[in-house]
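The values are calculated or read from the model by the stated rules, or taken from the named source; none is laboratory data. Predicted model only: the values in this text are computed from it and were never measured. Cβ: placed from backbone, ideal geometry, glycine included. Neighbour counts: every protein chain shown.
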Amino acid sequence: MEITQDAVRRVAALARLAVSDDEAEHLAAQLTDIIGYAELLQTVDLTDVLPTSHPLSLYNALREDESRPSLPRDIALANAPDDDGEQVRVPAVLEG
């Protein structure tokens, strides 16, 4: 399947992108190559290949949750630029 320069310009217009004639020509050639490669991949025999979501075996590397003492409040607030004795104060970031 060949992607034309007109198709590139049409898609660029839909995406509200400015594309020069040289860029349209270059992109049309690149997209034609990409589509050609995708078509080539469609010809690969996959009858003995199991479907998978990832080519590598994945495992969960998280540790188990365990309860332990937290940092005392006075130490946690020691380096805070502004606090009210119980929590860190931060500047408002929302308007209104």
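Residues to consider are Arg10, Arg16; find the one that is at pLDDT 95 or above and loosely packed, with under 10 Cβ neighbours inside 10 Å.
Working: Arg10 fails: loosely packed, with under 10 Cβ neighbours inside 10 Å.
Going through Arg10, Arg16 in turn, just one is at pLDDT 95 or above and loosely packed, with under 10 Cβ neighbours inside 10 Å: Arg16.
Is there a residue being assigned to a helix (DSSP H, G or I) and not acidic (Asp, Glu) anywhere in the stretch 61-73? Quick ask: steps written out before the conclusion?
In the first step, residues of the stretch 61-73 are kept if they are assigned to a helix (DSSP H, G or I); the result is 73.
Filter once more, keeping what is not acidic (Asp, Glu): 73.
So far as the stretch 61-73 goes, yes, one or more of its residues are assigned to a helix (DSSP H, G or I) and not acidic (Asp, Glu).
Report yes if some residue within the stretch 40-48 is in a helix (DSSP H, G or I) and not aromatic (Phe, Trp, Tyr); otherwise report no.
So in the stretch 40-48, the residues in a helix (DSSP H, G or I) come out as 40-41.
With not aromatic (Phe, Trp, Tyr) added as a condition, the list becomes 40-41.
Scanning the stretch 40-48, I find at least one residue that is in a helix (DSSP H, G or I) and not aromatic (Phe, Trp, Tyr), so the answer is yes.
Name the residue that is farthest from Glu2 (Cα to Cα), counting only residues in the stretch 28-75 that are modelled with pLDDT of 90 or more, within 23 Å of the chain's Cα centre (by Cα) and among the aliphatic types (A, V, I, L, M).
Taking the candidates together, the pick is Ala38.
In the stretch 44-77, which residues are surrounded by fewer than 10 Cβ atoms within 10 Å (Cβ to Cβ) and aliphatic (A, V, I, L, M)? It would help to see each step written out before you state the result.
Residues of the stretch 44-77 surrounded by fewer than 10 Cβ atoms within 10 Å (Cβ to Cβ): 44-72, 74-75.
Answer for the stretch 44-77, where residues must be surrounded by fewer than 10 Cβ atoms within 10 Å (Cβ to Cβ) and aliphatic (A, V, I, L, M): Val44, Leu46, Val49, Leu50, Leu56, Leu58, Ala61, Leu62, Leu71, Ile75.
Among the residues of the stretch 25-40, what is the count of those that are hydroxyl-bearing (Ser, Thr, Tyr) and loosely packed, with under 13 Cβ neighbours inside 10 Å? First the steps, then the outcome.
Filtering the stretch 25-40 down to residues hydroxyl-bearing (Ser, Thr, Tyr) leaves 32, 37.
Next, only the ones that are loosely packed, with under 13 Cβ neighbours inside 10 Å stay: 37.
Total meeting the criteria: 1.
Out of (1) in a loop (DSSP other than H, G, I, E, B); (2) in contact with a helix residue (DSSP H, G or I) (Cβ under 7 Å, 6 or more places away or on another chain); (3) among the hydrophobic types (A, V, I, L, M, F, W, C), the odd one out for Leu27 is which?
(1)
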